[in-house]
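Below is one structure; the comments refer to it alone.
Coordinate-derived values only; no laboratory data. As the structure is a computational prediction, the values presented were derived from the model and not from experiment. Methodologically, a virtual Cβ is constructed for each residue, glycine included, from the backbone with ideal geometry; neighbour enumeration extends over all protein chains shown.
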Amino acid sequence: MVMFMAINYLAVLAAAVAVNVLGMFWYSPAGFANAWVKAVGFSKKQIKDGKNKGMAKPMAINFVVSLVEAFVLANFVMLTGAATALQGAVTGVWLWLGFIATTTLGIVLWEGKPAKLWVINNGFHLAALALMGAILAAW
């Protein structure tokens, strides 16, 4: 529990903000929104209806999730001794490979989701963990 005392909470906040900005781009029309919508199998009506229901609550919950993820990653960055942006990014990549990429592959193997959906979502998680790791180590 001593490791929690050394956490830079401002860096955790910055990492969470950065990953949410990344997500807004990643899942926007300028990013992978169209391919994601097709891979998920949503219709244009479903997307429009979802926008009309409001995005504030899901976005707020997502931000809290990002804070938790950044806090946990900060502990791993500290435990690995990562002290540069590159070392922090590498820590994030290893965690992605070991825990995110492997466990989420089940959506393709067992749930019948398209591999393209896995690639889009996991590409985001890879970029997000690398970005957060870089921020947390360099700060």
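Sequentially through the range 28-37, phi angles give Karplus couplings (6.51, -1.76, 1.60; θ = phi - 60°) of 9, x, 6, x, 10, 4, 5, 5, 5, 4 Hz, Gly and Pro residues having no value and appearing as x. Taking other Cβ atoms within 10 Å as a rough exposure proxy, Ser28, Ser43, Ser66 sort from fewest to most as Ser43, Ser28, Ser66. Relative to the longest principal axis of the Cα atoms of the chain, helix 85-95 runs at roughly 60 degrees.
For the chain, with a Gaussian network of springs between Cα atoms less than 10 Å apart, report the residue from Met78, Met59, Met24 with the top mean-square fluctuation. Residue with maximal mean-square fluctuation among Met78, Met59, Met24: Met59. Going from the residue with the fewest nearby Cβ atoms within 10 Å to the one with the most, Glu69, Glu111 rank Glu111, Glu69. Here the Debye sum runs over all C-alpha atoms of the chain as equal scatterers in vacuum, and log10 of I(q)/I(0) at q = 0.09, 0.11 Å⁻¹ comes out as -0.31, -0.45. Cβ-to-Cβ counts within 10 Å put Phe63, Phe32, Phe99 in ascending order as Phe99, Phe63, Phe32, the fewest first.
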